[in-house]
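I have placed the structure first, in the form of structure tokens, so that the comments after it can refer back to it.
The values are calculated or read from the model by the stated rules, or taken from the named source; none is laboratory data. Quick caveat, the model's predicted, so the values are computed rather than measured. All Cβ positions, glycine included, derive from the backbone under ideal geometry; neighbour counts span all protein chains shown.
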């Protein structure tokens with residue numbers, strides 16, 4: 001309840017907080033903070049203090065790595081098997097920055113000051129992209145960062161994909177890098193890419209050049225070789241590129257030498273690696289004095305401290321032995337204790353979506369036809385008590401979410417209908433929808449279709465009279481909040497006469513077996529499933545997930561309007577295309593969107609920095625270059 | 001004797017092969033293709049197929065098994081795609097740590113449980129016996145996790161005289177010397193083990209005390225100290241030998257819960273993590289080596305029993 005009070009207070013302070021944030025952002029560009037008061041963000045838990053003024057001291061800042069989040073991959077061209085926000089955003093990107101930085105505090109948006117290049121320009125009907133690398137950034141060995149370094153990265157991605165499509169996580173056949181018809185470097189700072197078709201500039205910039213892949217300039221002058229002592233070779237020749245890629249991947253597999261291999265010492269980010277423990281994943285990064293981006297006057301060493309469990313991590317917090325640490329979801333009630341121990345605390349859901357999938361192919365009990373009806377999906381949305389879940393199951397630490405773009409953290413692309421609940425919790429509304437479409441509703445029993453047909457007041461095409469509104473739902477047992485929400489949903493559904501048979505499973509089994517494209521033989525074994533959710537790209541198109549035949553489809557949702565809007569999101573010049581897409585999907589409910597729990601971080605009050613550099617912890621970003629000690 | 005040893009070794013090999021086949025088949029039945037788990041939700045069908053091909057998971061199970069055994073015979077336990085290291089390297093990094101934690105706890109538990117069990121048997125129903133029994137019941141019924149949490153709260157957080165986590169050093173020598181941080185995890189495991197071992201020891205010692213040869217020894221006027229050491233201890237320890245043999249696999253498994261609680265990356269946790277990541281090579285190697293340890297533990301226990309009790313013959 002105390003947390004709820006804090007959150008309520010946060011809402012009242014939101015406007016003032018946003019004003020402060022806005023001022024801070026404009027003064028520091030990146031993420032700088034400032035002002036005298038603490039910053040409270042809409043949807044956030046707690047607040048972030050303004051950057052402390054006075055003497056900035058350097059030292060060593062320790063940072064908690066939770067179980068399963070320790071780095072094990074250093075080469076920035078990461079493969080799909082090791083692709084994680086932990087390997088990238090919290091480790092690799094401190095050494096090799098993506099071309100464009102797209103996290104401004106909790107907001108997923110481009111941050112020009114932290115980007116290595118000026119915003120790209122698009123021409124020739126959005127088929128030509130011109131990238132100009134900034135002169136401020138240099139490699140740690142003193143060499144300038146050039147357009148060839150960006151081209152080198154693209155050629156490494158091409159070589160990776162050529163060997164196996166699984167070698168680059170963002171690869172979709174026909175898209176980047178397949179669509180790069182030619183690339184040239186007319187000057188040391190300019191790279192021109194000619195694409196085979198038009199791209200949406202926002203999508204290409206935010207997702208392809210910055211996040212999903214991402215595109216990281218690599219030091220061609222030092223890495224473009226195929227053996228440790230070999231000469232620098234021409235990476236633009238595909239055969240050479242393959243050799244270079246294989247050499248760098250082999251070096252990357254030598255985990256024990258991450259801190260000693262001279263290759264990995266050449267960085268353009270704010271940090272260099274100085275120690276790495278292959279057994280535990282512990283690492284120490286030291287400041288790169290040649291870093292050309294914004295940073296604190298005196299940068300501290302940054303130490304990743306691994307933990308085998310949330311319990312062990314939280315013990316470290318209680319012992320005061322860790323400087324920056326996450327608060328496990330189950331320990332939310334202990335936040336007041338953490339604050340008393342001398343920590344600041346802030347939480348916000350990560351930018352992503354949690355959802356329950358519908359299986360539009362499950363013919364059991366005509367569920368495919370039932371799920372295909374918008375009124376049914378709307379009724380299901382009405383049965384979801386998001387505010388109740390947050391209060392009862394999340395200890396108040398979470399935010400509602402109504403569509404593919406969550407209400408919080410707020411994205412520039414958030415459509416109006418996803419900011420407030422289009423289908424508020426109401427069993428009565430769900431019942432009304434069903435009755436209005438030919439169902440005889442039997443509260444606490446099982447509804448029956450009594451008016452078959454495809455008319456406006458009938459059950460819908462493919463649903464014969466006598467069909468019972470009964471189906472199964474499989475949910476992931478971990479984290480426990482999934483099961484709690486689903487059990488409540490089934491209970492509320494029962495009140496509307498919808499009979500949901502629940503069964504539990506685990507994440508691995510579910511995504512392997514209850515996924516139509518991956519396991520077509522099982523497509524009649526599940527009607528709905530809830531494995532959790534996904535973190536989204538800054539430009540949050542659902543391309544792949546909700547477009548017909550999308551490469552990451554789960555339940556085979558298909559809607560021509562959605563297809564058209566999704567295509568516009570990635571291929572049209574419309575800067576608000578993704579907002580239109582999200583608006584339609586919020587209304588159309590291709591899945592049942594669920595609230596998202598806060599990702600909560602605590603940091604010692606003796607550490608300060610720009611507010612955004614603490615806010616972005618909730619989005620899995622570590623930007624220790626902005627932190628300093630005050631004591 | 002020799003023929004017995006040959007038979008046991010042969011049987012052991014068959015058991016290990018059987019376990020390897022069972023595990024291989026079961027894993028493939030549950031997760032026919034680990035690609036989806038490894039590559040994640042966003043992996044496309046193209047990427048899934050490519051990864052399976054790259055890692056040989058598109059071959060028939062029998063072909064995969066034959067390749068695995070072939071690699072195994074050449075000392076290749078596989079490559080952990082989740083940890084980006086060879087399985088052998090992962091095991092080498094963690095084995096000594098797990099063996100140390102389990103081994104020290106086992107030895108300490110024996111050093112405490114054996115005399116405690118004898119004391120309880122000799123002083124049966126005394127205040128000391130009742131106190132020890134009560135403590136053993138409380139400790140035995142307490143989950144390791146709970147006991148560890150209590151010890152951490154008391155000795156590391158409320159009264160911070162010991163570390164709240166185990167030693168983080170990768171040097172075994174440093175770990176061994178770091179009693180400040182290692183005492184609580186060792187104590188947690190030891191207490192749980194003592195609770196169980198002391199009950200076995202008490203029961204066994206009571207049986208032996210009722211034997212005629214003990215009465216004869218006493219009737220002959222043998223000092224009580226010699227009765228206990230020479231006649232009671234040796235005979236009462238026979239069941240403990242079996243228990244120790246069965247505990248040998250723990251050296252590999254480490255103690256998952258203790259490692260989890262005390263931030264001690266050992267083999268138990270490696271296996272636990274591999275389950276969540278569908279890391280086939282680690283799961284297979286761990287299970288297979290576990291089977292070897294179980295078979296070896298029983299084998300060693302049988303041999304030790306023969307050495308301890310001449311009445312037992314290996315035939």
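A few remarks follow.
- Residue A:85 being closer than 30 Å to residue A:281 by Cβ, within 14 Å of chain B (Cβ to nearest Cβ) and in contact with a helix residue (DSSP H, G or I) (Cβ under 8 Å, 6 or more places away or on another chain): no
- The residue that is surrounded by the fewest Cβ atoms within 10 Å (Cβ to Cβ), among those in segment A:265-278 that are at pLDDT 95 or above and within 14 Å of chain B (Cβ to nearest Cβ), is A:275.
- When restricted to residues that are without any contact (Cβ under 8 Å) to a residue 24 or more places away in the chain and assigned to a helix (DSSP H, G or I), segment B:140-164 contains 7.
- Subset of segment A:279-295 [touching a helix residue (DSSP H, G or I) at 6+ places or on another chain (Cβ under 9 Å) and at pLDDT 95 or above]: A:283, A:285, A:287, A:288, A:291, A:293, A:294, A:295
- Residue in segment B:93-101 that is crowded, with 21+ Cβ neighbours inside 10 Å and more than 20 Å from residue B:272 (Cβ to Cβ) present: no
- Odd one out for residue A:313, checked against (1) surrounded by 22 or more Cβ atoms within 10 Å (Cβ to Cβ); (2) touching a helix residue (DSSP H, G or I) at 6+ places or on another chain (Cβ under 9 Å): (2)
- Any hit, segment B:205-213, residues being buried (at least 21 other Cβ atoms within 10 Å of the Cβ) and outside any helix (DSSP H, G or I): no
- Selection count where residues are without any contact (Cβ under 8 Å) to a residue 40 or more places away in the chain and within 23 Å of the chain's Cα centre (by Cα), scope segment A:518-530: 1
- Matching residues, segment B:27-39, being within 22 Å of residue B:83 (Cβ to Cβ) and either more than 7 Å from chain A (Cβ to nearest Cβ) or at pLDDT below 80 (or both): B:27, B:28, B:30, B:31, B:33, B:34, B:35
- Where strands (runs of 3 or more DSSP E) sit wholly within segment A:537-631, those with at least 2 residues that are touching a helix residue (DSSP H, G or I) at 6+ places or on another chain (Cβ under 7 Å) occupy A:591-594, A:599-604.
- Being within 14 Å of another protein chain (Cβ to nearest Cβ), at pLDDT below 90 and within 28 Å of the chain's Cα centre (by Cα) is true of residue B:256.
- Selection count, segment B:72-124, where residues are more than 14 Å from every other protein chain (Cβ to nearest Cβ) and assigned to a helix (DSSP H, G or I): 24
- Screening segment A:124-134 for residues that are surrounded by fewer than 23 Cβ atoms within 10 Å (Cβ to Cβ) and touching a strand residue (DSSP E or B) at 6+ places or on another chain (Cβ under 7 Å) and picking the one that is farthest from residue A:262 (Cα to Cα) gives A:127.
- Among the residues making up segment A:279-322, a single one is facing chain B (nearest Cβ under 10 Å) and over 30 Å from residue B:158 (Cα atoms): A:279.
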